[in-house]
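Here is the structure we will look at, set down as structure tokens.
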Amino acid sequence: MRNLLYITVLSFGLWSCGGGGGDDPAPVNTVPTTPSLVSPANNLLCIDNPVTCQWNASADSDGDVITYQIEVAKNSTFTLDKQTFNSQSTTQSVPLEEDVAYYWRVKATDGEASSSYSSVFKFYTYGLGVTNHLPFSPELVSPALNSVQTTATVNLQWTASDVDTTDSLAYDVY
């Protein structure tokens, strides 16, 4: 029994003398601010190719070096022919196909944390001899995707745009 008491006292003494690391909490890394897109502007017809993407710089209150991830794709969900670039500057030259609609966005990373993606802008690349461009794919407004409808009638709403601003758009709804 005495041995058990000695072991308990000795164990408690060693445990209480361990270097607990002090009271200073580890510094917390803050997330950089979300970049905002500058050009190409939303719904723009881009004459120059390669296209130069430009955005406003993000801020990082920790003073960390910021790297930007730029994504350009042929659809707004960034799943079709996506190109990804990394840069520490606020511009990126992107070679693209002519006469194609593209979508782009940017996020900032400080090595440990990433901002949210910027808003998504769409633009169209110019093609020689083209007199009319395809409109951008319509975007669903209402009803929300996968929502449950409790009424017999449903009000369908969507938005769409075209770089050829004088064109009248017509829709096929299925």
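The values are calculated or read from the model by the stated rules, or taken from the named source; none is laboratory data. Because the structure is predicted, anything quoted here is derived from the model rather than measured. Note: ideal-geometry Cβ built from the backbone for every residue, glycine included; neighbour counts use all protein chains shown. Calculation scope for accessible area: heavy atoms of the full protein, side chains included, ligands and nucleic acids excluded. Shrake-Rupley method; radii C 1.70, N 1.55, O 1.52, S 1.80 Å.
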Open item on the list: Any residue that is at negative phi and at pLDDT 90 or above - is there at least one of those in the stretch 22-31?
Closed with: yes
TODO: State which residue pairs qualify: first residue farther than 21 Å from PHE136 by Cβ and inside the stretch 92-109, second residue open to solvent by 50 Å² or more (accessible area, probe 1.4 Å) and β-branched (Val, Ile, Thr) in any location, beta carbons under 6 Å apart, and separation of 6 or more residues or different chains.
DONE: SER93/THR52
Task: Verdict on ASP162 being under 16 Å from VAL51 (Cβ atoms) and part of a loop (DSSP other than H, G, I, E, B) - done: no
Open item on the list: Any residue in the stretch 132-159 that is part of a loop (DSSP other than H, G, I, E, B) sitting within a Cβ distance under 6 Å of a residue that is open to solvent by 90 Å² or more (accessible area, probe 1.4 Å)? List the pairs, counting only those 6 or more apart or interchain.
Closed with: PRO138/TRP158
Open item on the list: Would you confirm whether or not the stretch 142-152 contains a residue that is touching a strand residue (DSSP E or B) at 6+ places or on another chain (Cβ under 8 Å) and either open to solvent by 80 Å² or more (accessible area, probe 1.4 Å) or modelled with pLDDT of 90 or more (or both)?
Closed with: no
Task: Failed item in (1) of a type outside the set (Asp, Glu); (2) closer than 17 Å to THR67 by Cβ; (3) exposed (fewer than 15 other Cβ atoms within 10 Å of the Cβ), with ASN132 passing the rest - done: (2)
Task: Residue in the stretch 61-87 that is nearest to TYR124 (Cα to Cα), counting only those that are in a loop (DSSP other than H, G, I, E, B) and open to solvent by less than 80 Å² (accessible area, probe 1.4 Å) - done: LYS74
Open item on the list: As an exercise: evaluate TYR126 against (1) over 23 Å from ALA41 (Cα atoms); (2) open to solvent by 70 Å² or more (accessible area, probe 1.4 Å) and give the number of the one condition it does not meet.
Closed with: (1)
Open item on the list: Based on this model, can you work out whether TYR126 counts as within 15 Å of PRO50 (Cα to Cα), out of contact with any Phe, Trp or Tyr (no Cβ under 7 Å at 6 or more places or on another chain) and among the aromatic types (Phe, Trp, Tyr)?
Closed with: yes
TODO: Only residues in the stretch 36-65 that are in contact (Cβ under 8 Å) with a residue 60 or more places away in the chain and among the small types (Gly, Ala, Ser) count as the first member; pair them with residues that are part of a strand (DSSP E or B) and open to solvent by less than 60 Å² (accessible area, probe 1.4 Å), Cβ under 7 angstrom, at least 6 apart or cross-chain, and list the lot.
DONE: SER36/TRP55; ALA41/PHE121
TODO: Working carefully through the options SER116, SER58, SER93, find the one that is within 19 Å of VAL38 (Cβ to Cβ), surrounded by 14 or more Cβ atoms within 10 Å (Cβ to Cβ) and not hydrophobic (A, V, I, L, M, F, W, C).
DONE: SER58
Task: Extreme residue, surrounded by the most Cβ atoms within 10 Å (Cβ to Cβ), among residues of the stretch 38-55 that are over 16 Å from ALA101 (Cβ atoms) and among the hydrophobic types (A, V, I, L, M, F, W, C) - done: TRP55
